[in-house]
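Asker: Can you keep this structure in mind? I'll have questions shortly.
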Amino acid sequence: MAIKKWFMDRKTQWFASFSRFPLAILALVMIVSYTLMMVNLEGNLDYTPQLISAGLGAMILVSIQLFSEIKKVKKRTMWGAKLFSLSLPILYYFYLQQAPMDFNQAGQIRTIVSYFILSVLLILLPSLVNRLSFSDALIIFIKAFFSSILVSFILYVGISAIFGAFTTLIYDLDYRWFTSSAAIVFQFIAPVYFLSQLPLLDDQQHGTSLDTAKSMPSLLNILIAYVITPVLLVFSLILIVYILINLSGDFWQDNLLEPMLISYTIIGIITVFLSENINKSISRLFSRFFPYLLLVIAIFQTLSSGLKTADQGLTHNRYFVLMFGVFSIVSMLIYIFISSKKVVIPFLLIGLSILSILPIVGAVPASIKYQTVKLDALVEPYIEDTGKVSSLKDVLTTKEKTRFSYSMDYLNQQETLDQLEWLPKHFDYSSDFEEAFGFSSDYYLYHSENQNISHLPESTYAYIELDSSKPLVLSTDSVDEVVTFSTHQIIDKTIALNRESLKVKISNVGEDFFVKLIEGEETSLEVDLSELLNIPSETNQTDPTRSLEEMKWTEETDNFRLTVIVKSFERQEKTFTNGEFILLIDYK
């Protein structure tokens with residue numbers, strides 16, 4: 001009977017959600033329809049802009065419905081607002097036509113942030129009900145989200161098992177059956193079930209259902225109190241210790257904390273709010289002391305990111321790090337000193353997020369403007385009478401070349417190089433950069449003095465490679481065997497050859513690196529490659545490519561000739577040594 005009652009309750013909630021969110025569910029139907037068309041047409045048509053726009057439309061419509069329930073908006077006004085709001089996803093669809101997600105980072109960022117803003121807004125809206133706090137609203141949405149995910153996952157596993165059994169025993173179903181069912185389950189059934197779990201936000205007529213919805217499940221209670229809270233505290237202490245240890249030097253130059261700050265801030269603040277509803281000593285201590293830890297970490301990391309921005313230039317990634325740093329500082333100051341006003345924290349987050357996608361002051365426009373101004377200032381002394389810039393190889397310092405190539409690469413990714421008036425006509429970044437400026441477009445990748453720009457581990461790193469711009473054509477005359485191999489953490493390695501009793505041994509001991517031809521137990525021939533271990537790290541400041549003549553070593557005796565060609569080689573002092581090699585062996 002209990003199971004039957006559960007199904008009847010779910011059925012009632014399911015049909016109620018159709019009458020409560022009709023336009024939003026219609027948008028979900030559109031999403032599933034576009035996805036099914038993409039699946040069945042096997043990628044011949046791309047409906048990604050339609051999917052994204054419909055998803056935004058569904059979230060906007062749900063937000064309007066929840067707001068109308070809270071503020072008792074008239075039906076005519078509510079439907080007018082809903083119909084007007086449909087223009088927003090339509091306009092966004094036309095925007096995505098101009099800024100496709102596959103190629104335009106501005107479109108990608110604005111889409112991600114738009115979904116984030118609407119997600120925070122959906123969570124925030126129930127807190128406008130008098131009897132619900134923001135932590136209560138969080139619990140409502142967490143319960144709805146994870147219950148919909150669990151039900152949908154179990155349903156999809158069951159459907160997949162049925163299709164799998166049918167495929168194995170009766171008839172072979174292609175992948176589209178599985179993909180289509182996944183689309184229906186996760187793009188329609190899961191969201192509709194999620195909506196069905198949201199209580200009516202009317203504290204006068206549905207107060208009991210609101211109280212039930214905001215009650216914290218025992219599993220979530222345990223997870224927050226005994227898993228998430230201790231992990232966050234230990235993680236915070238590690239960050240504090242790291243900052244204190246490196247405060248006098250490395251902390252201000254590296255960017256190790258930057259990728260963590262946004263996720264750490266969001267998870268930390270959510271946990272602080274959820275801990276308010278848990279009556280356990282560890283949760284009370286967490287709510288009391290964690291805001292101070294987060295405040296300290298946010299202040300130091302925001303200062304560090306600000307210094308790096310002044311030194312290296314603004315990018316959209318660092319824009320968001322700085323934005324979340326400011327948000328963390330302000331929100332924790334509010335939580336600690338004006339706790340009665342903590343309801344404004346999610347509003348602050350929404351406001352900053354909206355700011356980040358606006359023209360001119362948004363993350364991408366501001367970063368593009370900053371990089372453009374910096375490049376103009378850098379090359380201004382070298383602009384010729386024609387208004388163009390020629391080779392900069394001999395006039396820029398190593399640091400300036402690094403910054404120049406880094407900024408040019410960033411503007412190329414944003415497809416905004418046309419804003420640089422001093423570029424040659426019909427300039428093609430990938431093919432014309434080195435010819436125009438005298439050094440490689442990826443120069444910054446091999447400059448390791450500044451670890452924040454370099455992608456390389458340390459200044460002791462070195463890398464060289466065979467020039468791949470020209471085909472590698474090798475003569476096989478007088479060559480009896482060709483051996484190709486690669487090494488990782490080079491250690492003694494033996495390769496058996498086709499001729500009996502012969503083998504090749506790679507030997508790396510200390511500062512010695514040899515490739516030996518062994519006959520029986522005796523070394524018949526060896527090629528000394530030890531000089532590879534002494535490649536200066538300064539090679540990172542120049543083009544790492546080398547000609548075939550520079551990457552080839554040959555030794556011979558009366559009976560054998562051994563040629564070693566190095567395709568690539570990299571080393572990190574006291575850490576690793578890797579390489580790719582070709583051996584040409586001649587048995588005279």
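The values are calculated or read from the model by the stated rules, or taken from the named source; none is laboratory data. Bear in mind the structure is a predicted one, so any value in this text is a computation, not a measurement. Please note: Cβ atoms are built from the backbone with ideal geometry, for glycine as well, and neighbour counts cover all protein chains shown. Accessible surface areas use protein heavy atoms only, side chains included; no ligands, DNA or RNA. Shrake-Rupley method; radii C 1.70, N 1.55, O 1.52, S 1.80 Å.
Asker: Note down the accessible area of R131, probe 1.4 Å, to the nearest 10 Å².
Answerer: Probe radius 1.4 Å; accessible area of R131 about 90 Å².
Asker: Once you place label points 7 Å from the Cα toward the Cβ at W79 and F337, how far apart are they in nm?
Answerer: Rounded to a tenth, the inter-label distance reads 5.1 nm.
Asker: Another one. Treating the stretch 218-357 as a set of equal point scatterers at the Cα positions, no solvent, please give the Debye-formula log₁₀ I(q)/I(0) at q = 0.10, 0.11, 0.16 Å⁻¹.
Answerer: -0.35, -0.42, -0.86
Asker: When the accessible area of the chain is computed with all protein chains present and a 1.4 Å probe, what percentage of it is carbon and sulfur?
Answerer: The computed percentage sits at 61.
Asker: Just the number: Rg to Rh for the stretch 1-214, Cα atoms, Kirkwood Rh, two decimals.
Answerer: Value, to two decimals: 1.00.
Asker: Run the numbers for N578 and S391: contour at 0.36 nm per residue of separation, minus the present Cα-Cα distance, in nm.
Answerer: My answer for the length gained is 63.9 nm.
Asker: So what J values fall out for the stretch 405-421 if you push phi through Karplus, 6.51 cos²θ - 1.76 cosθ + 1.60 with θ = phi - 60°, rounded to Hz, Gly and Pro as x?
Answerer: For the stretch 405-421, the Karplus-derived couplings read 5, 5, 5, 4, 5, 5, 5, 5, 4, 8, 6, 10, 5, 5, 7, 8, 5 Hz, x marking Gly and Pro.
Asker: Cβ neighbours within 10 Å, averaged per peptide: list 371-380, 323-332 in order, most packed at the top.
Answerer: Most protected by this proxy first, the peptides run 323-332, 371-380.
Asker: Working out 0.36 nm times the residue gap between T523 and L358, then minus their Cα-Cα distance, what length gain in nm do you get to one decimal?
Answerer: 52.4 nm
Asker: Based on the Cβ-Cβ distance from E434 to K552, what FRET efficiency comes out when R0 is 25 Å, to the nearest 0.05?
Answerer: It comes out at approximately 0.55.
Asker: Send over a whole-number figure in Å² for the accessible area per residue of the chain, probe 1.4 Å.
Answerer: That works out to 52 Å² per residue.
Asker: Taking the stretch 462-587, how many lysine pairs are there with alpha carbons less than 20 Å apart, if each pair must be eight or more places apart or span two chains?
Answerer: Going through the stretch 462-587 pair by pair, I get 14.
Asker: Report, ordered by chain and residue number, the lysines lying within cross-link reach of K214, taken as a straight Cα distance under 25 Å and ignoring same-chain residues fewer than 8 apart.
Answerer: Filter leaves K4, K5, K11, K71, K72, K143, K280, K341, K342.
Asker: I'd like the FRET efficiency for Y115 and I266, computed as 1/(1 + (r/R0)^6) with the beta carbon distance as r and R0 of 22 Å, rounded to 0.05.
Answerer: It comes to 0.95.
Asker: Here's a follow-up. Which order do the peptides 90-100, 166-176, 182-192 come out in when sorted by mean C-beta neighbours inside 10 angstrom, highest first?
Answerer: 182-192, 90-100, 166-176
Asker: In whole Hz, what ³J(HN,Hα) sequence does the stretch 326-341 give by Karplus (6.51, -1.76, 1.60; θ = phi - 60°), x for Gly and Pro?
Answerer: Here the 3J(HN,Hα) series is 4, 4, 4, 5, 5, 5, 6, 4, 5, 5, 7, 9, 10, 4, 5, 9 Hz.
Asker: With both bridge residues required to lie in the chain, what share of the DSSP beta bridges run antiparallel, to the nearest 5%?
Answerer: In the chain, DSSP labels about 95 percent of beta bridges as antiparallel.
Asker: Shifting gears a bit: Extension gain L219-I238, at 0.36 nm per residue separation less the Cα-Cα distance, in nm?
Answerer: Result for the pair: 4.1 nm of gain on full extension.
Asker: Related question: Which distance in nm do the two modelled labels at L285 and D311 give, with both placed 7 Å along the Cα-to-Cβ direction?
Answerer: Rounded to a tenth, the inter-label distance reads 3.8 nm.
Asker: With the alpha-carbon atoms as the only input, what is the per residue convex hull volume for the chain in Å³?
Answerer: Convex hull volume per residue, Cα atoms: 257 Å³.
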